[in-house]
Amino acid sequence: AQLDPIAAQDFLHTLAKINRELGTAVLLTEHRLEEVLPLADRLLVLEQGRLISDGPPRQIARQLQEKAPQLFATMPTPLRIWSRVENDLPCPLTVREGQEWLAAFAKSRPLLDLPEQVSPPPGGRPLLALHDISFRYSRDCALVLDDFSLQLYAGEIYALMGGNGAGKSTALLLAAGIRKPERGRVEVDGQENTAAGFGGLALLPQNHQTLFVKKSVAEDLAEALEDRGLSGRQKEARISAVCRLLRLQPLLPRHPYDLSGGEQQMVAVAKALLISPRILLLDEPTKGLDNSLKERLAQLLLGLKAAGVAVLIVSHDIEFCARYADRCGLLFDGAIVASAPARDFFAGQHFYTTAANRLARHLLPRAILDSDVVAACGGPGESAPPACAQEDLELLLAPPKADCAGDDADSDDDESRKPPGGGGLYPRSRLSRRRLLGGMLLLALFILTAVLGHEQWSDWRLYLYRAALALELALALIAFFPGRAKWSHIEAAHLQAQQQLYRGGKLGLRSIVGIAIIMLLMPLTIWAGLRIGGDRQYLILSMVLAVEAVIPFVLAFEGRRPQAREIVVIAVLIGLAVASRAALFMLPQFKPVLAIIIIAGISLGGRAGFLVGSMTALISNFFLGQGAWTAWQMFTFGLIGLIAGSLFARGWLPPRRGWLAVFGAVITLVVYGGIMNFNSVLLFAPEPTWGMIITTYALGLPFDLIHAAGTAFFLWIAALPLLEKLERVKSKYGLLE
């Protein structure tokens with residue numbers, strides 16, 4: 001779709017040669033079938049995810065003519081002309097066959113003359129003018145544009161064409177004011193060098209994905225209206241209008257990167273329209289669009305033209321430009337070498353012309369569209385595309401004004417900020433100057449404390465020193481990263497999907513076996529290992545526990561084919577937890593390890609949470625030191641992940657930032673502190689007493705409090721973004737299926 005006609009033809013000829021001479025099978029997906037279909041041995045047609053036709057191209061084309069007229073409109077021009085004219089001649093598929101068919105038809109029936117269509121020259125002052133532009137990207141490069149001039153008038157659609165690398169996209173960047181010319185001037189509405197500050201100019205870049213910055217289409221459309229002085233009601237009205245124009249309502253809750261190429265292109269066009277442009281610059285707007293989406297785009301462009309918007313299109317789609325452009329220009333060697341009304345332009349070209357003109361030029365030199373040839377053969381005329389909704393278009397093109405209801409643009413409540421489609425915006429705390437200054441001071445205090453207190457104390461003051469370091473770093477990070485406050489639509493979708501696993505309140509046999517292994521077999525293994533081998537066989541004991549931790553995960557996969565993507569996600573979370581524990585080894589207990597394990601359990605389920613926890617303890621201790629404590633840490637980390645996943649799946653743990661932070665602090669203090677302190681008693685006291693147990697818990701309480709505070713802190717700032725990213729991965733790659 002991004003190749004010029006000559007390059008596309010060369011590419012297809014190369015594919016045909018590879019297929020013919022090397023015997024290589026070629027599977028090609030394409031919307032433009034003029035050059036592709038004559039090369040194909042089989043034609044497969046997909047609609048709504050189903051294969052509806054498979055067979056020889058001529059046979060499938062006849063089937064589509066009867067069963068799917070909308071898909072038949074994508075067939076090559078000779079075939080479409082033949083189908084609309086009453087005749088008994090063989091069906092042509094290529095331009096050469098079409099020429100033979102038209103010559104045979106003309107012998108039996110005289111062709112009608114085409115009516116002369118005189119396009120009036122544009123009048124008035126151009127809305128956009130580029131005069132004698134020269135431009136290069138660096139002094140060492142050749143000129144991309146040299147003596148380039150172009151005038152674009154209000155209510156005009158101008159199509160700029162040329163080969164790949166001719167400088168068409170560069171011309172758009174100069175027209176938009178993104179690039180500055182080396183020589184020459186750019187005028188917008190008669191004012192020189194004002195393109196960059198002209199609020200009524202919108203540019204759709206060739207890579208439309210650069211426009212997508214949010215998590216849903218609804219949020220992306222709302223982002224285009226930020227800082228435009230509109231109230232919440234006005235924003236909602238404009239988004240609804242553009243969605244009706246381009247029929248985007250079903251796409252609103254979806255992530256932009258989950259859309260097809262054509263759907264992404266239409267969303268990008270919608271964002272450009274929300275700027276209320278007087279000048280619209282489109283770089284390859286038909287790229288990835290099927291015939292129905294092209295018609296939808298054509299309706300929009302014709303509506304904009306009628307409203308007085310100036311439209312400049314850069315495109316390789318010759319058929320689209322010939323049908324809808326008022327004037328066309330050919331860019332070659334840095335300048336426009338040909339510019340004329342569409343019919344004059346294509347009727348005088350040899351390479352940059354339409355299939356209809358190449359088919360009929362020997363008999364109908366002025367024909368450039370299939371409808372021209374059909375009309376000359378006495379066939380029915382072509383109906384114009386339906387007009388777009390004028391009220392919606394007028395609303396989009398109207399400049400921002402005060403809401404008649406009295407809403408201030410900056411006083412919207414949360415509900416008014418939500419775009420249609422349920423994709424509520426995340427209210428994010430802004431990083432104010434006060435936060436920035438406070439964060440910098442706290443960070444400086446953290447560095448100063450770390451430098452001045454290094455290796456100064458070895459008694460109880462060392463604990464206070466480490467606690468002060470953890471507190472200063474936590475406060476600095478909170479100042480820099482205020483985090484998100486809501487997680488509404490993802491919460492609802494995830495709760496519904498996760499809780500279906502527990503519908504009816506009954507656990508399956510695999511779940512019962514897995515829980516039995518975790519709750520009974522692993523503690524029994526630890527007890528047996530300590531009784532038989534003491535603390536000298538900790539490595540063997542850890543490996544046995546690692547195998548036992550994997551057993552529930554294996555049972556979960558029993559009876560179905562394992563998905564590698566599930567294992568990859570779990571492995572990435574384990575790696576992230578291990579890396580975070582090793583990177584922050586100097587801070588006593590102030591690490592995001594348990595936060596990551598809790599997030600894994602919430603997002604992927606209790607069994608996966610247990611696996612992430614147990615494997616994190618085992619692998620990280622290869623860096624921090626293995627010992628008899630490894631087995632206890634594996635069990636404790638895994639148990640926390642299991643509890644988090646089970647509580648969340650039951651709906652007892654709401655996925656809100658405050659709840660998650662409190663839960664993380666409590667479970668760290670109670671479960672991790674309770675088990676690991678008891679482990680310390682068993683390891684270092686052969687015959688423990690109640691006094692030893694109480695003393696151990698009292699000495700470990702400061703560390704447990706720091707650990708709990710660290711877990712709560714990391715859940716506060718990172719839980720919702722990381723959960724959102726995991727939900728994105730799960731929905732995109734089908735981990736919920």
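The values are calculated or read from the model by the stated rules, or taken from the named source; none is laboratory data. What you are looking at is a predicted structure, and each value in this text was computed from that prediction instead of being measured. Cβ sites come from the backbone with ideal geometry, for glycine too, and all protein chains shown count toward neighbours.
Odds and ends about this structure:
- Condition broken by T14, with the remaining ones in (1) loosely packed, with under 11 Cβ neighbours inside 10 Å; (2) farther than 30 Å from D283 by Cβ; (3) within 39 Å of the chain's Cα centre (by Cα); (4) hydroxyl-bearing (S, T, Y) satisfied: (2)
- Sole residue being out of contact with any Pro (no Cβ under 6 Å at 6 or more places or on another chain), of a type outside the set (A, V, I, L, M, F, W, C) and in a loop (DSSP other than H, G, I, E, B), chosen from Q117, Q99: Q117
- Against the conditions (1) in contact with a Ser or Thr (Cβ under 9 Å, 6 or more places away or on another chain); (2) surrounded by fewer than 18 Cβ atoms within 10 Å (Cβ to Cβ), H350 satisfies every one except (1).
- Checked against the criteria, D258 counts as modelled with pLDDT under 90 and closer than 30 Å to L722 by Cα.
Condition check ((1) under 27 Å from the mean Cα position of the chain (by Cα); (2) within 16 Å of G155 (Cβ to Cβ)) across all residues:
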| position | (1), (2) |
| --- | --- |
| R278 | no, yes |
| D283 | yes, no |
| K305 | no, yes |
| I313 | yes, yes |
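- Selection status of L359, crowded, with 19+ Cβ neighbours inside 10 Å and touching a Gly at 6+ places or on another chain (Cβ under 6 Å): yes
- Test: residue in region 288-311 that is part of a loop (DSSP other than H, G, I, E, B) and free of Cβ contacts under 8 Å to residues at least 60 places away in the same chain: no
- Boolean, L64 is part of a helix (DSSP H, G or I) and either touching a Ser or Thr at 6+ places or on another chain (Cβ under 6 Å) or surrounded by 13 or more Cβ atoms within 10 Å (Cβ to Cβ) (or both): yes
- Test: residue in region 652-662 that is of a type outside the set (A, V, I, L, M, F, W, C) and more than 31 Å from the chain's Cα centre (by Cα): no
- Total residues in region 123-143, condition among the hydrophobic types (A, V, I, L, M, F, W, C), closer than 28 Å to P341 by Cβ and surrounded by fewer than 16 Cβ atoms within 10 Å (Cβ to Cβ): 0
- Matching residues, region 349-363, being among the β-branched types (V, I, T) and either assigned to a helix (DSSP H, G or I) or free of Cβ contacts under 8 Å to residues at least 60 places away in the same chain (or both): T353
- Restricting the first member to region 144-158 and to residues that are buried (at least 19 other Cβ atoms within 10 Å of the Cβ), and the second to residues that are among the hydroxyl-bearing types (S, T, Y) and part of a strand (DSSP E or B), the beta-carbon pairs closer than 6 Å and six or more apart or on different chains are L152/Y158.
- Residue count for region 241-276, restricted to those that are surrounded by 22 or more Cβ atoms within 10 Å (Cβ to Cβ) and free of Cβ contacts under 8 Å to residues at least 24 places away in the same chain: 0.
- Positions within region 68-91 being under 41 Å from the mean Cα position of the chain (by Cα), in a helix (DSSP H, G or I) and surrounded by 13 or more Cβ atoms within 10 Å (Cβ to Cβ), in sequence order: L71, F72, T77, P78, L79, R80, I81, S83
Yes/no per residue for (1) small (G, A, S); (2) assigned to a helix (DSSP H, G or I):
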| position | (1), (2) |
| --- | --- |
| G575 | yes, yes |
| A579 | yes, yes |
| K591 | no, no |
| I598 | no, yes |
| G601 | yes, yes |
| R607 | no, yes |
| L618 | no, yes |
| F637 | no, yes |
